[in-house]
1. May I ask you to list pairs of residues, at least six apart or on different chains, whose Cβ atoms are under 6 Å apart, with the first in region 69-93 being farther than 26 Å from residue 150 by Cα and the second being of a type in the set (Phe, Trp, Tyr) and at pLDDT 95 or above?
2. Could you say which residue among 121, 164 is touching a helix residue (DSSP H, G or I) at 6+ places or on another chain (Cβ under 8 Å) and open to solvent by 40 Å² or more (accessible area, probe 1.4 Å)?
3. Kindly check whether there is at least one residue in region 85-92 that is open to solvent by less than 70 Å² (accessible area, probe 1.4 Å), out of contact with any Asp or Glu (no Cβ under 6 Å at 6 or more places or on another chain), under 20 Å from residue 1 (Cβ atoms) and among the charged types (D, E, K, R).
4. Pairs needed: first member in region 23-51, in contact (Cβ under 8 Å) with a residue 40 or more places away in the chain; second member anywhere, surrounded by fewer than 16 Cβ atoms within 10 Å (Cβ to Cβ); C-beta distance under 6 Å; at least 6 residues apart or different chains.
5. Quick check on this structure: which one of 26, 61 is crowded, with 21+ Cβ neighbours inside 10 Å and modelled with pLDDT of 95 or more?
6. Checking residue 17 against (1) open to solvent by 70 Å² or more (accessible area, probe 1.4 Å); (2) modelled with pLDDT of 95 or more: exactly one of these is not met. Which one?
7. Can you report the number of residues in region 94-114 which are without any contact (Cβ under 8 Å) to a residue 60 or more places away in the chain, surrounded by 18 or more Cβ atoms within 10 Å (Cβ to Cβ) and either under 14 Å from residue 152 (Cβ atoms) or among the polar types (S, T, N, Q) (or both)?
Amino acid sequence: MELYLIRHGIAEDQGLGIKDEERSLTKEGRQKTEQVAQKLVKLGLNFDLIVTSPLVRARQTTEILIAEKLSSHLEESSHLAPDGQISNWLQDWLEPRNYSQNTQLALVGHEPGLTSWAEILLWGEVKASLVLKKAGMIGIKLPETGSPLGRSQMFWLTPPKYLL
């Protein structure tokens, strides 16, 4: 399975009297995310499913990906909220679904959660060495059998500036 970890686009700053979960993408954030999505389409990507954090900025990012036809299937998971844990997501969400090996699954979420998840999948622990910019993406190939923790392989790490 290929797992694509996508960080939401540029959002309104914290501290403007807006609750964190209600922060929206800025105009620039929407534009850059649309450009990234269009480039992903040109590169031939298509996700079997996009799973999004319930927070507004992640949902808006996902809506842009859906509008660009990167997938027609969308689900929401609270596991992708900023305090979500990969072990809970694997146990409650991924393992019970038993996806085929050729599945391409996109997860839209937040930092530092997504890079922590990637590092746990790659090395079995958080090393704080990966950087995922807003509207950037990490691609990880999960092993065919057994736990993916510490046994997965990264095949993609792209900041948005290389997709614009």
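The values are calculated or read from the model by the stated rules, or taken from the named source; none is laboratory data. Because the structure is a prediction, the values reported are computed rather than measured. Note that we place each Cβ from the backbone using ideal geometry, even for glycine, and neighbour counts take in every protein chain shown. Only protein heavy atoms, including side chains, enter the accessible area calculation; ligands, DNA and RNA are left aside. Shrake-Rupley method; radii C 1.70, N 1.55, O 1.52, S 1.80 Å.
1. What qualifies is 70/47; 71/47.
2. Just a single option satisfies the conditions, and that option is 164.
3. Within region 85-92, none of the residues are open to solvent by less than 70 Å² (accessible area, probe 1.4 Å), out of contact with any Asp or Glu (no Cβ under 6 Å at 6 or more places or on another chain), under 20 Å from residue 1 (Cβ atoms) and among the charged types (D, E, K, R).
4. Listed pairs, sorted by first residue: 35/164; 48/103; 49/73; 51/75.
5. 61
6. Condition (2) is where residue 17 drops out.
7. Here the count works out to 1.
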